[in-house]
Amino acid sequence: MSLEWEQVIVDAADPVALGRWWTEALGWVVVNDASDEYEIRPAPDRLPGLLFVPVPEKKTIKNRLHLDFRPDDQAAEVARLLSLGARHADVGQGEQPWVTLADPEGNEFCVLGRRQG
């Protein structure tokens, strides 16, 4: 048996707007820009992708799954993401070496520091 990780589904009030935000944040490409399924990937033929789909309800609690990113320069990347519209998020993490942010619809993600060792 073989499994290939195709994509992560992201519920969104506005899939196109949120998908465009993540496209810019990650520097990925759009492979489907339909209003009911907006999909981005690192490259057209590279997986996994992020698929943004519409949902009627608003986000109300901390995500049970989130993405972690490890940039070369944490401070510069956090500043860049904040300038794009991310905001700091407090999910009870306390003082940590990572920075927890939220995208424009409130989905949390972390920007990690340099890998140790």
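The values are calculated or read from the model by the stated rules, or taken from the named source; none is laboratory data. Computed from a prediction, not measured in an experiment: that's the story for all the values here. Note that each Cβ is placed from the backbone with ideal geometry, even for glycine, and that neighbours are counted across all protein chains shown. SASA here: full protein model, heavy atoms, side chains in, ligands and nucleic acids out. Shrake-Rupley method; radii C 1.70, N 1.55, O 1.52, S 1.80 Å.
Per-structure values
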{"read-out": "Selected residue (only one of PRO54, PRO71 is open to solvent by 60 Å² or more (accessible area, probe 1.4 Å) and touching a helix residue (DSSP H, G or I) at 6+ places or on another chain (Cβ under 9 Å))", "value": "PRO54"}
{"read-out": "Residue check for PRO71: part of a loop (DSSP other than H, G, I, E, B) and modelled with pLDDT of 95 or more", "value": "yes"}
{"read-out": "Selection status of ALA86, over 13 Å from the mean Cα position of the chain (by Cα) and small (Gly, Ala, Ser)", "value": "no"}
{"read-out": "Test: residue in the stretch 54-63 that is under 12 Å from the mean Cα position of the chain (by Cα) and among the hydrophobic types (A, V, I, L, M, F, W, C)", "value": "no"}
{"read-out": "Breaking point among (1) surrounded by fewer than 16 Cβ atoms within 10 Å (Cβ to Cβ); (2) of a type outside the set (D, E, K, R); (3) at pLDDT below 95, for ASN63", "value": "(1)"}
{"read-out": "Residue count, the stretch 74-92 (criterion: farther than 10 Å from VAL111 by Cα and either surrounded by 10 or more Cβ atoms within 10 Å (Cβ to Cβ) or not polar (S, T, N, Q) (or both))", "value": "13"}
{"read-out": "In the stretch 23-68, the residues that are small (Gly, Ala, Ser), part of a loop (DSSP other than H, G, I, E, B) and within 18 Å of VAL8 (Cβ to Cβ)", "value": "GLY27"}
{"read-out": "In the stretch 20-48, residue farthest from PHE69 (Cα to Cα) [restricted to those that are buried (at least 17 other Cβ atoms within 10 Å of the Cβ) and in contact (Cβ under 8 Å) with a residue 40 or more places away in the chain]", "value": "TRP21"}
{"read-out": "Any hit, the stretch 12-19, residues being assigned to a helix (DSSP H, G or I), in contact with a Phe, Trp or Tyr (Cβ under 7 Å, 6 or more places away or on another chain), touching a residue at least 40 places away in the same chain (Cβ under 8 Å) and more than 17 Å from ASP68 (Cα to Cα)", "value": "yes"}
